[in-house]
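Below is one structure, written out as structure tokens, with a few remarks after it.
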Amino acid sequence: MSLDDVLARIDSDLPAATDRLLELLRIPSISTDPAYKAECDRAADWLVADLKSLGADVEKRATPGHPMVVGHIGEGAPHLLFYGHYDVQPVDPLELWDRDPFDPAIENTEKGQVIRGRGAADDKGQLMTFVEACRAWIAINGALPCKITFFLEGEEESGSPSLVPFMKENAAELTTDIALICDTGMFGDATPAIVTMLRGLLGEELTITGPSKDLHSGMYGGVSMNPIRVMAKIIAGLHDHTGRVTVPGFYDGVPELSDEIRAQWQGLGFDHGSFLGEVGLSTPAGEQDRTPLEMIWSRPTCEVNGIQGGYTGDGFKTVLPAKASAKISFRLVGQQDPQAIRESFRAYVQSQLPPDCSVDFHPHGASRASQMEIDHPAFEAARHALSDEWPEPAAYVGCGGSIPIAGHFKTILDTDAMLIGFGKDDDQIHSPNEKYDMTSFHKGIRSWARILDALAE
Ligand SMILES: [Zn+2]
């Protein structure tokens, strides 16, 4: 039987696949709220039953939090792992929803049919694209073309507290040739995307102390050092006039884009004018010799997230404050070492302190960037398979934010992860009226069938 038969089966089974997704969406599996613990359990049970119906050897596995669903099915190489999450975000504010978030429905909109309900896109709809592709494959061929491990989490929306311990305890079982993660989006409506770069994050909080108490600026102003003035100078010095970060050694381990990726990104036609225009801006503010997409996807940053000091209430107070503090974060790429940057940043701050001032540092999180090995042949195979399904060729893209699971597969299991998803920017995940486009669901299922066909040896 051919891939075309599997794709035809997916088309004819779409109404039934949609009904199954609606059933899963009716379960309010809000992981962060203890009141919904039994519902998270019920969603896990639902998935166990559904994967069993495919013939998988599947179990609900207890954790200190919500259970994991782990299943195995099929034989042959390569061994693929599929990750998705069955928990969802809370629905507040409820009054902003046009319907009950857990009474999902198909709606006709100007842009086509959508599946409306909490979790439609993030991540139940995406998760089911892969399950439905497997179902159609089995219906036509009797078995999957290779060994597949399902790994479905129920705590993604509440910080994944059980994930790393579970991966470590079950490392042998979860180690595969490649991990497929379906929790990301497309680049626009027509271009599917494989995320190959995720930025890391480093946080620092610092408090500068000058005088031993708040002073009157009439009595002490001019003769005593103001910690806000010191903080302002330090912060202003973090970037030079070209937008580069000045912390010594900051760019160590920052890779250059390959010519191939640079050309792909140029071909995406990213409209930074409308991207910035939506938030009332017009001019890219990063390194001036970089494109806006590079600024978001492949370049490291330093941002001030908050400043505090002196009198900020109503009216006016001529205070000369004893302290000033700031929260500063760095987005990291490539091989940048968070610890080395933390130390270099602290040394820079120390070097800027005038007499009579001291500084206290408080560290916040530190995570390295993830960069996938796109030399692995599975990446090109998947990219071509996606390109066959969608109007535009698939692109390797970056992601400005952090998706820790991808890094965990690499560091804990030494497995490369492919992040492929069919979400759209206007899916309103985490917000009222979440939706998943019917085309995302339908073509997402077809995409996975093509990817399975391309990856199986
Ligand atoms: Zn998600």
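The values are calculated or read from the model by the stated rules, or taken from the named source; none is laboratory data. Everything numeric here is computed off the predicted structure, so don't read it as measured data. Every residue, glycine as well, gets a Cβ built from its backbone with ideal geometry; the counts of neighbours run over all protein chains shown. Ligands, DNA and RNA are stripped out before the accessible areas are found, and what is left, the full protein with its side chains, is counted by its heavy atoms. Shrake-Rupley method; radii C 1.70, N 1.55, O 1.52, S 1.80 Å.
At-a-glance table
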{"read-out": "Apportionment of accessible area to carbon and sulfur, the chain, percent (1.4 Å)", "value": "51"}
{"read-out": "Lysines whose Cα lies under 20 Å from that of LYS111, excluding same-chain neighbours fewer than 8 positions away", "value": "LYS424, LYS435, LYS443"}
{"read-out": "Computed helical MRE - 222 nm, the chain, DSSP H runs ≥ 4 contributing -39500 (n - 2.57), nearest 500", "value": "-10500 deg cm²/dmol"}
{"read-out": "Positive dipole terminus of the range 158-258, leading residue within SER212, THR175, SER258 (C-beta point charges)", "value": "SER212"}
{"read-out": "Qualifying GluC sites (Glu not before Pro) in the range 81-168, DSSP loop, other Cβ atoms within 10 Å at most 11", "value": "GLU110"}
{"read-out": "Derived scalar couplings ³J(HN,Hα) [the range 85-99; Karplus, 6.51 cos²θ - 1.76 cosθ + 1.60; whole Hz; x for Gly, Pro]", "value": "10, 9, 8, 10, 6, x, 9, 4, x, 4, 5, 8, 7, 7, 8"}
{"read-out": "Over the range 238-335, relative contact order from alpha-carbon pairs under 8 Å, at least 6 apart, %", "value": "31"}
{"read-out": "The chain: relative contact order as a whole-number percent, Cα under 8 Å and 6+ apart", "value": "26"}
{"read-out": "Nearest-0.05 FRET efficiency for VAL304 and SER258, computed from C-beta distance (R0 35 Å)", "value": "0.65"}
{"read-out": "Global geometry of the range 96-184, whether rounded, prolate or oblate, following the gyration tensor of its Cα atoms and the 1.5 cut on a/c", "value": "oblate"}
{"read-out": "Cα radius of gyration and Dmax for the range 288-339 (Å)", "value": "17.3, 48"}
{"read-out": "Listed residue (LEU238, TRP137, SER329) projecting farthest to the positive dipole end of the chain, Cβ model", "value": "LEU238"}
{"read-out": "Set of lysines near LYS52 by C-alpha distance (under 22 Å), chain-local residues within fewer than 8 positions excluded", "value": "LYS60, LYS124, LYS147"}
{"read-out": "Table column - 3J(HN,Hα) (Hz), the range 189-206, Karplus curve with 6.51, -1.76, 1.60, x for Gly and Pro", "value": "7, 10, 10, x, 9, 10, 7, 10, 9, 10, 6, x, 8, 10, x, 9, 10, 9"}
{"read-out": "FRET E, pair GLN352, GLU107, Förster distance 41 Å, beta-carbon r, rounded to 0.05", "value": "0.15"}
{"read-out": "Test item: Cα-centred dipole of the chain, Lys/Arg +1 and Asp/Glu -1 on Cβ, debye", "value": "1420"}
{"read-out": "Accessible area of the range 359-457 divided out per residue, in Å², using a probe of 1.4 angstrom", "value": "40"}
{"read-out": "Three-way shape label, the range 153-194, alpha-carbon gyration tensor, a/c 1.5", "value": "oblate"}
{"read-out": "Relative contact order (%) - criterion: Cα under 8 Å, at least six apart; region: the range 1-60", "value": "19"}
{"read-out": "Added length on full extension, which subtracts the Cα-Cα distance from 0.36 nm per residue, ASP5 to ALA77", "value": "23.7 nm"}
{"read-out": "Listed residue (VAL164, GLY55, THR283) projecting farthest to the positive dipole end of the chain, Cβ model", "value": "THR283"}
{"read-out": "Residue-span extension gain [ALA232 to PHE275] - 0.36 nm each, minus C-alpha spacing", "value": "12.5 nm"}
{"read-out": "Gyration tensor (alpha-carbon) shape descriptor, the range 37-96, a/c threshold 1.5", "value": "prolate"}
{"read-out": "Normalised per residue, the volume of the convex hull around the Cα set of the range 1-116 (Å³)", "value": "147"}
{"read-out": "Simple label model, 7 Å out from Cα along Cβ direction - ASP360 to SER212, nm", "value": "1.7"}
{"read-out": "Simple label model, 7 Å out from Cα along Cβ direction - ASP100 to ASP13, nm", "value": "2.9"}
{"read-out": "Base-10 log of normalised Debye intensity for the chain (one unit scatterer per alpha-carbon) at q = 0.11, 0.13, 0.14 Å⁻¹", "value": "-0.94, -1.20, -1.33"}
{"read-out": "LYS168-THR63 pseudo-label distance in nm [points 7 Å out on the Cα-to-Cβ vector]", "value": "1.4"}
